[in-house]
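Have a look at the structure below, then the notes.
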Amino acid sequence: MVISRKIQIRLNVLIVMLAVLFITIFSMYELGYLDELLTVLARDHYIFYWMLLVGVFAEIVAGSMGMGYGVICTTTLMFLNIPPHIVSASIHSAESFTTAAGSLSHIKLKNVSKSLVKKLAVPAVIGAVIGAVSLTYLGEYYAKITKTVIAFYTLYLGFQILSNAFKKNRTKPLKRKQT
(Lines give C-alpha, C1' and ligand atoms only; values in the text may rest on other atoms or scores of the structure.)
Protein backbone atom coordinates (compact mmCIF):
# COMPACT_ATOMS: atom_id res chain seq x y z
CA MET A 1 0.00 0.00 0.00
CA VAL A 2 1.42 3.35 -1.06
CA ILE A 3 0.73 6.38 1.12
CA SER A 4 0.86 9.69 -0.68
CA ARG A 5 3.48 12.22 0.36
CA LYS A 6 0.89 14.74 1.67
CA ILE A 7 -0.78 12.16 3.91
CA GLN A 8 2.58 11.02 5.21
CA ILE A 9 3.58 14.60 6.08
CA ARG A 10 0.24 15.23 7.81
CA LEU A 11 0.57 12.04 9.85
CA ASN A 12 4.11 12.98 10.87
CA VAL A 13 2.97 16.46 11.95
CA LEU A 14 0.08 14.93 13.92
CA ILE A 15 2.40 12.46 15.66
CA VAL A 16 4.88 15.23 16.57
CA MET A 17 2.07 17.47 17.88
CA LEU A 18 0.63 14.65 20.00
CA ALA A 19 4.11 13.87 21.36
CA VAL A 20 4.70 17.52 22.29
CA LEU A 21 1.26 17.70 23.93
CA PHE A 22 1.91 14.50 25.90
CA ILE A 23 5.36 15.66 27.04
CA THR A 24 3.96 19.06 28.07
CA ILE A 25 1.11 17.58 30.11
CA PHE A 26 3.38 14.95 31.68
CA SER A 27 5.96 17.61 32.59
CA MET A 28 3.27 19.84 34.10
CA TYR A 29 2.02 16.90 36.15
CA GLU A 30 5.48 15.90 37.38
CA LEU A 31 6.45 19.47 38.30
CA GLY A 32 3.16 20.10 40.11
CA TYR A 33 1.93 22.78 37.71
CA LEU A 34 -1.11 20.76 36.65
CA ASP A 35 -2.61 20.87 40.16
CA GLU A 36 -1.99 24.61 40.29
CA LEU A 37 -3.67 25.03 36.88
CA LEU A 38 -6.71 23.04 37.98
CA THR A 39 -6.93 25.17 41.15
CA VAL A 40 -6.89 28.36 39.07
CA LEU A 41 -9.60 26.99 36.76
CA ALA A 42 -11.72 25.99 39.76
CA ARG A 43 -11.65 29.57 41.10
CA ASP A 44 -13.77 30.76 38.17
CA HIS A 45 -16.27 27.92 38.61
CA TYR A 46 -14.75 26.21 35.57
CA ILE A 47 -15.90 29.01 33.25
CA PHE A 48 -12.97 28.19 30.92
CA TYR A 49 -14.46 24.77 30.20
CA TRP A 50 -17.85 26.32 29.46
CA MET A 51 -16.20 28.80 27.10
CA LEU A 52 -14.34 25.96 25.40
CA LEU A 53 -17.55 23.95 25.01
CA VAL A 54 -19.39 26.97 23.56
CA GLY A 55 -16.53 27.58 21.12
CA VAL A 56 -16.53 23.98 19.89
CA PHE A 57 -20.32 23.97 19.45
CA ALA A 58 -20.31 27.34 17.68
CA GLU A 59 -17.50 26.25 15.37
CA ILE A 60 -19.46 23.13 14.42
CA VAL A 61 -22.45 25.30 13.50
CA ALA A 62 -20.29 27.86 11.69
CA GLY A 63 -18.45 25.12 9.82
CA SER A 64 -21.67 23.56 8.61
CA MET A 65 -23.44 26.83 7.71
CA GLY A 66 -20.46 29.06 7.02
CA MET A 67 -21.66 31.66 9.53
CA GLY A 68 -22.92 32.12 13.06
CA TYR A 69 -19.80 31.62 15.22
CA GLY A 70 -19.73 35.14 16.60
CA VAL A 71 -23.46 35.32 17.22
CA ILE A 72 -23.61 32.02 19.09
CA CYS A 73 -20.51 32.73 21.17
CA THR A 74 -21.51 36.30 21.99
CA THR A 75 -24.96 35.30 23.14
CA THR A 76 -23.79 32.36 25.21
CA LEU A 77 -20.82 34.10 26.82
CA MET A 78 -22.94 37.11 27.74
CA PHE A 79 -25.46 34.68 29.23
CA LEU A 80 -22.59 33.34 31.37
CA ASN A 81 -22.17 36.94 32.65
CA ILE A 82 -18.80 37.58 31.04
CA PRO A 83 -18.10 41.30 30.45
CA PRO A 84 -18.61 42.52 26.85
CA HIS A 85 -15.00 43.52 26.25
CA ILE A 86 -13.77 40.06 27.29
CA VAL A 87 -16.43 38.41 25.10
CA SER A 88 -15.31 40.48 22.12
CA ALA A 89 -11.61 39.79 22.72
CA SER A 90 -12.07 36.04 23.08
CA ILE A 91 -14.30 35.73 20.02
CA HIS A 92 -12.09 37.86 17.79
CA SER A 93 -8.92 36.08 18.85
CA ALA A 94 -10.54 32.73 18.05
CA GLU A 95 -11.96 33.98 14.75
CA SER A 96 -8.56 35.31 13.68
CA PHE A 97 -7.27 31.81 12.99
CA THR A 98 -10.31 30.57 11.08
CA THR A 99 -10.47 33.80 9.09
CA ALA A 100 -6.79 33.53 8.23
CA ALA A 101 -7.26 29.95 7.04
CA GLY A 102 -10.27 30.93 4.94
CA SER A 103 -8.43 33.92 3.49
CA LEU A 104 -5.44 31.79 2.52
CA SER A 105 -7.80 29.35 0.83
CA HIS A 106 -9.46 32.13 -1.17
CA ILE A 107 -6.08 33.59 -2.14
CA LYS A 108 -4.89 30.16 -3.27
CA LEU A 109 -8.02 29.74 -5.40
CA LYS A 110 -7.55 33.28 -6.82
CA ASN A 111 -10.94 34.27 -5.50
CA VAL A 112 -9.83 37.66 -4.13
CA SER A 113 -10.23 41.09 -5.68
CA LYS A 114 -6.93 42.78 -4.82
CA SER A 115 -8.24 46.24 -5.67
CA LEU A 116 -11.16 45.78 -3.27
CA VAL A 117 -8.84 44.53 -0.53
CA LYS A 118 -6.66 47.62 -0.97
CA LYS A 119 -9.71 49.90 -0.74
CA LEU A 120 -11.12 48.20 2.37
CA ALA A 121 -7.94 47.46 4.36
CA VAL A 122 -7.33 50.87 5.94
CA PRO A 123 -10.99 51.62 6.85
CA ALA A 124 -11.34 48.09 8.26
CA VAL A 125 -8.32 48.49 10.53
CA ILE A 126 -9.50 51.93 11.69
CA GLY A 127 -12.99 50.58 12.40
CA ALA A 128 -11.60 47.59 14.29
CA VAL A 129 -9.40 49.78 16.48
CA ILE A 130 -12.23 52.24 17.20
CA GLY A 131 -14.61 49.37 18.01
CA ALA A 132 -12.14 47.62 20.31
CA VAL A 133 -11.17 50.79 22.17
CA SER A 134 -14.76 52.00 22.56
CA LEU A 135 -15.97 48.58 23.73
CA THR A 136 -13.12 48.39 26.22
CA TYR A 137 -14.04 51.71 27.83
CA LEU A 138 -17.81 51.65 27.35
CA GLY A 139 -18.05 47.95 28.16
CA GLU A 140 -16.48 48.43 31.55
CA TYR A 141 -18.26 51.59 32.67
CA TYR A 142 -21.65 51.13 31.00
CA ALA A 143 -21.86 47.33 31.07
CA LYS A 144 -25.67 47.10 31.40
CA ILE A 145 -26.33 49.41 28.44
CA THR A 146 -23.61 47.77 26.35
CA LYS A 147 -24.94 44.29 27.07
CA THR A 148 -28.46 45.36 26.06
CA VAL A 149 -27.27 46.87 22.78
CA ILE A 150 -25.16 43.80 21.99
CA ALA A 151 -28.05 41.48 22.89
CA PHE A 152 -30.43 43.23 20.47
CA TYR A 153 -27.75 43.33 17.78
CA THR A 154 -27.05 39.60 18.08
CA LEU A 155 -30.79 38.92 18.05
CA TYR A 156 -31.03 40.83 14.75
CA LEU A 157 -28.03 38.93 13.35
CA GLY A 158 -29.57 35.63 14.45
CA PHE A 159 -32.76 36.42 12.53
CA GLN A 160 -30.70 37.37 9.48
CA ILE A 161 -28.72 34.12 9.62
CA LEU A 162 -31.88 32.02 9.99
CA SER A 163 -33.60 33.86 7.14
CA ASN A 164 -30.57 33.24 4.91
CA ALA A 165 -30.46 29.59 5.95
CA PHE A 166 -34.09 28.99 4.97
CA LYS A 167 -34.10 31.19 1.88
CA LYS A 168 -35.02 29.40 -1.32
CA ASN A 169 -32.26 28.82 -3.82
CA ARG A 170 -31.84 31.23 -6.69
CA THR A 171 -33.60 30.24 -9.85
CA LYS A 172 -31.31 32.27 -12.10
CA PRO A 173 -27.73 31.14 -12.54
CA LEU A 174 -25.03 33.56 -11.44
CA LYS A 175 -23.35 35.57 -14.17
CA ARG A 176 -19.63 35.07 -14.43
CA LYS A 177 -17.11 37.63 -15.56
CA GLN A 178 -15.63 36.92 -18.92
CA THR A 179 -11.84 37.02 -18.88
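The values are calculated or read from the model by the stated rules, or taken from the named source; none is laboratory data. Note that the structure is a prediction, hence the values are computed from the model and not measured. Note: ideal-geometry Cβ built from the backbone for every residue, glycine included; neighbour counts use all protein chains shown. All accessible areas refer to the heavy atoms of the entire protein, side chains included, with ligands and DNA or RNA removed. Shrake-Rupley method; radii C 1.70, N 1.55, O 1.52, S 1.80 Å.
Looking only at residues in region 153-168 that are open to solvent by 100 Å² or more (accessible area, probe 1.4 Å) and farther than 15 Å from Gly70 by Cβ, the one that is farthest from the chain's Cα centre (by Cα) is Lys168.
Selection within region 102-117: residues that are modelled with pLDDT of 85 or more and within 20 Å of Gly63 (Cα to Cα). The member of this set that is nearest to the chain's Cα centre (by Cα) is Ser103. Of all residues in region 146-160, those that are more than 13 Å from Thr76 (Cα to Cα) have Cβ atoms under 6 Å from Cβ atoms of residues that are in a helix (DSSP H, G or I), 6 or more apart or on another chain, in Thr146/Pro84; Thr146/Leu138; Thr146/Gly139; Leu157/Val71.
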